Amino acid sequence: MDKLGFHCQRLEHIEEGVLSNHLKRGELHNFPQDEIPKLKKEIARHNIAMSIHAPLLKPDWYPYPPTWTFLCDIDKQRKELGLRMTELSLQQASDYDTDYVVVHFPSKVDESNGAGQEELYAITMDSCYQIDKLSEKYGIEVHIEGFGPNPFLNSEFLTGLFGQFPKLKYCYDTGHLNMESKQRGLDLYAFARDLAEHIGSIHIWNNRCVDDYIKYRHIPIHPSQKPEEGWVDIESILKILWPKVKAVIFESAYDYPEALGGHNYKEGVQWVKQLAATLS
């Protein structure tokens with residue numbers, strides 16, 4: 001079960017998400033400065049495998065929220081900020097025994113800026129080239145987590161991209177891609193099959209629609225979530241991708257919304273562990 005882990009933004013999350021669920025992996029993101037000195041000791045003490053979701057520590061010069069990367073933005077200064085933050089994350093990762101770094105890319109494109117498809121394509125490919133070079137420089141794998149709306153969130157573009165930059169991998173996010181399926185008709189199961197050879201990690205959380213995300217943000221996975229009601233079919237995704245990926249990260253809170261049943265999130269973790277055992 002070394003593949004399974006939990007998204008962590010505080011030291012207490014390592015105890016709650018990783019250790020209490022008997023997992024062996026954590027994905028670290030946006031930690032407070034005062035917890036950084038203790039972080040490496042905790043990871044070593046518990047022998048936790050880790051990845052970083054950029055940034056590990058948000059720099060004071062970067063705009064909020066730190067998950068925005070501007071890597072396909074026509075504003076050159078914002079694009080350079082995104083690349084600078086990506087390099088900082090890789091520098092931070094090199095201080096740890098880090099499997100990989102997740103970078104949000106491509107982020108939302110404001111199509112009202114008048115940029116044409118060719119210009120956006122050139123900007124995007126240049127950012128990928130720069131990230132590929134940074135990955136090589138620091139010797140750390142980079143997983144690109146794409147979400148929309150974006151004209152390049154499709155398997156045709158991404159297959160070509162990873163063919164050109166084979167050291168880069170894709171981070172498949174079940175919740176974001178489910179919203180893409182509802183809003184813009186993306187077939188998230190075909191998307192998983194098409195990109196399977198290029199997918200390095202998975203973020204799992206759930207929703208039925210964009211309204212769920214607005215109200216509840218990242219809803220924990222739970223076996224009561226029926227695909228016919230709009231939830232992601234987590235079992236199907238794992239069957240497609242489990243053999244291919246390095247890690248599967250629970251990227252959700254620890255409280256299940258009362259309005260949706262108030263389930264214990266640990267039931268979902270146990271369910272996924274049982275599914276994973278059948279696939280290993």
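The values are calculated or read from the model by the stated rules, or taken from the named source; none is laboratory data. Remember, it's a predicted structure, so these values are computed and weren't measured experimentally. FYI the Cβ positions are ideal-geometry reconstructions off the backbone, even for glycines, and counts take in every protein chain you see.
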Go through the residues of segment 154-168 one by one and say whether even a single one is more than 25 Å from ALA122 (Cα to Cα) and assigned to a helix (DSSP H, G or I). no
Tell me, which residue of segment 182-204 that is at pLDDT 95 or above and surrounded by fewer than 18 Cβ atoms within 10 Å (Cβ to Cβ) is nearest to TRP271 (Cα to Cα)? TYR189
Which residues, taken from segment 50-84, are over 16 Å from the mean Cα position of the chain (by Cα) and among the aliphatic types (A, V, I, L, M)? LEU57, ILE74, LEU81, LEU83
Listed by first then second residue, the pairs whose first member lies in segment 142-154 and is at pLDDT below 85 and surrounded by fewer than 20 Cβ atoms within 10 Å (Cβ to Cβ), whose partner is outside any loop (DSSP other than H, G, I, E, B) and of a type in the set (Asp, Glu), with beta carbons under 6 Å and at least 6 positions apart or on separate chains, are GLY148/GLU180
Quick check on my filter: what residues within segment 246-264 are in contact with a helix residue (DSSP H, G or I) (Cβ under 9 Å, 6 or more places away or on another chain), crowded, with 19+ Cβ neighbours inside 10 Å and touching a residue at least 40 places away in the same chain (Cβ under 8 Å)? VAL248, PHE250, GLU251, SER252
For ASN207, which of the numbered conditions (1) touching a Pro at 6+ places or on another chain (Cβ under 8 Å); (2) more than 27 Å from ALA49 (Cβ to Cβ); (3) crowded, with 20+ Cβ neighbours inside 10 Å fails to hold? (1)
For TYR213, are the conditions met, namely being hydroxyl-bearing (Ser, Thr, Tyr), in a loop (DSSP other than H, G, I, E, B) and either at pLDDT 95 or above or closer than 23 Å to TYR170 by Cβ (or both)? no
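Could you tell me whether any residue of segment 64-78 is modelled with pLDDT of 95 or more, outside any loop (DSSP other than H, G, I, E, B) and either surrounded by 18 or more Cβ atoms within 10 Å (Cβ to Cβ) or at negative phi (or both)?
no
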Just to be sure before I move on: is GLN130 out of contact with any Pro (no Cβ under 9 Å at 6 or more places or on another chain), at pLDDT 95 or above and polar (S, T, N, Q) in the structure I sent? yes
